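Written out below as structure tokens is the structure these notes cover.
The values are calculated or read from the model by the stated rules, or taken from the named source; none is laboratory data. If you're wondering where the values come from, they're calculated on a predicted model, not measured in any experiment. Cβ placement follows ideal geometry from the backbone for every residue including glycine, while neighbour counts extend to all protein chains displayed.
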Amino acid sequence: MAKRKSSEKSIESLKSAAVKLFASRGYANTSLEDVANAAGFTKGAVYYHFKAKENLLLDMLEDIEARSIGIADPAVRALNGTVADKVVLFNRLQARWASECPNDLAILMLTSIESASQPTTVARRVTAIYSKIEALLSDILEEGKRTGEIASAASVEDAVLGIIAIHDGNMLLWYRSGCHPVMGRKLALAARHLSLQQVHGISSDGEPVPKTDFAAKNPHLG
């Protein structure tokens, strides 16, 4: 038991060091020796736990998914509200994740760029994270079609693409600002407004989806 706890602690220490290095330097520019030195371990210890740098990154991406869409997905699906309510909650939870774990955001963005168009396990892992986001948003909007909130002929695919573009663009702008809290609040409001425009644009019979008062009812999520 003590040995297992010690091993788990070592793994967490190594991942904590790797998160900071991968976020600041990028995966490609960080060696396992860099990670070992930052964590106070030997290079052999890193190989013992992860065998290869790719395995370390894959483990970290799994953690990032759990802290981001892994939290947002069940919370949004469980919400008893309108399409607009659910889109607002999705944006709020993703903004909270970025605020609490900015290094996660940097790693996901950098890894997305570094692994783009490459047939690697890392690229597939990044794609899987985004596929989960796409599936959640698609399900929300398709549900809106069933309830009559969304026009039956509306393109859910286009709306989902628009919401994800807003999501990723805002995250990048916030990180480029040095994770400034004031900029973060402005971008969160912009994301909410623009995402709701996407929903309003495909609402039933061209009528706007009723504006949500979800934020007012749930200030603890702000």
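General remarks:
- Hits in the stretch 80-99 - residues which are under 16 Å from the mean Cα position of the chain (by Cα) and among the β-branched types (Val, Ile, Thr): VAL87, VAL88
- Taking (1) at pLDDT below 95; (2) hydrophobic (A, V, I, L, M, F, W, C); (3) over 28 Å from HIS180 (Cβ atoms) in turn, LEU108 satisfies each apart from (3).
- Evaluation of LEU137 against (1) over 11 Å from the mean Cα position of the chain (by Cα); (2) aliphatic (A, V, I, L, M); (3) over 21 Å from ALA75 (Cβ atoms) (one fails), failing number: (3)
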